[in-house]
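Worksheet: the structure to be examined is printed underneath.
Computed from the coordinates by the stated procedures, all read-outs in this text should not be read as laboratory data. Treat the numbers as computed from the prediction; the structure is a model and nothing was measured. Positions of Cβ are generated from backbone atoms using ideal geometry, with glycine treated the same way; all protein chains shown enter the neighbour counts.
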Amino acid sequence: MKKKVLTLGLGIGLILGITIAGCGGSETGEGAHAESSQQVKEGSDESSEESANPFGVGPIQEEMKLPATIDEQLAAKGEEIFKAKCTACHKIEEKYIGPPIKGVTEKRRPEWIMNMILAPEKMIQEDPIAKQLVIESNGAIMANQGLTEEEARAVLEYFRKIDAQS
């Protein structure tokens, strides 16, 4: 009886840990991407797996051409979405459950960020950098918030605005 209760408790704890979101997004540049891939190779069982796609894994597979200037209206919409759906796990300047948001667009490609927002389950299963972020977040994975591509783009614009203010 105690064994069943303990197993049930561990199962619930595991499900809860998986449900609570941690998220990714930390490196954009090619050198930073290679460094992060190396950390995954050293820090996980997926040591033979390199990130074959710097865009990550998900619906965004073509290079995004972002304007040089921030679209303030789009960023404001992204801020609203971020505050409603992301702040339970992310803070701007500090690690919380997931990594801090500030600096993410300087570390990660826009396509990778969009894929992490739109398809976190797939990213965590298949992208070595996303896997490493889960390890760094004590096993907490990012919950899929069901955002549309347009909403994810707005959140990305908000992240760009944060980083432009740095």
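Test of understanding: what is the full-extension gain from residue 125 to residue 84, defined as 0.36 nm times their sequence separation minus their Cα-Cα distance? Kindly include the intermediate steps, with their values, before the conclusion.
Details: separation 41, 0.36 × 41 = 14.76 nm, distance 2.58 nm.
Difference between extended and current length: 12.2 nm.
Protection proxy ranking, highest mean first, for peptides 105-117, 150-162: 105-117, 150-162, where packing is the per-residue count of other beta-carbon atoms within 10 Å, averaged.
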